[in-house]
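One structure below.
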Amino acid sequence: IALETVAAAGEVRYARWDELVAGVITGATFGTKYYWDGSALTTTIPSGSGQYVWQVGIAKNATDLLATVEFVKKNA
């Protein structure tokens with residue numbers, strides 16, 4: 001998970017497993033799993049045909065995410 005937005009040629013800092021990413025979610029409940037849908041974080045597993053499903057984190061509290069990047073599956 002990228003920790004910041006940078007220019008195309010810039011270096012990107014990223015979160016590693018179990019690293020806290022502060023302030024990236026709102027109104028979350030502890031333990032809620034988050035997925036990447038290709039453009040945004042979501043709590044619903046992406047279901048698009050041929051889409052890769054990645055779990056990217058678990059809510060630590062209402063606003064902070066613990067990075068847990070894991071490939072789940074490729075949709076049929």
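The values are calculated or read from the model by the stated rules, or taken from the named source; none is laboratory data. Everything numeric in this text was worked out from a predicted model, so none of it was measured. Backbone-built Cβ (ideal geometry, glycine too); neighbour counts: all protein chains shown. Surface areas here come from the heavy atoms of the whole protein model, side chains and all, with no ligands, DNA or RNA. Shrake-Rupley method; radii C 1.70, N 1.55, O 1.52, S 1.80 Å.
All of 57, 38 fail the test of being among the small types (Gly, Ala, Ser) and modelled with pLDDT under 90, apart from 38.
Counting the residues of segment 24-76 that are part of a loop (DSSP other than H, G, I, E, B), open to solvent by 30 Å² or more (accessible area, probe 1.4 Å), in contact (Cβ under 8 Å) with a residue 24 or more places away in the chain and under 19 Å from residue 2 (Cβ atoms) gives 4. For segment 2-23, residues that are of a type in the set (A, V, I, L, M, F, W, C), farther than 15 Å from residue 60 by Cα and assigned to a loop (DSSP other than H, G, I, E, B) total 6.
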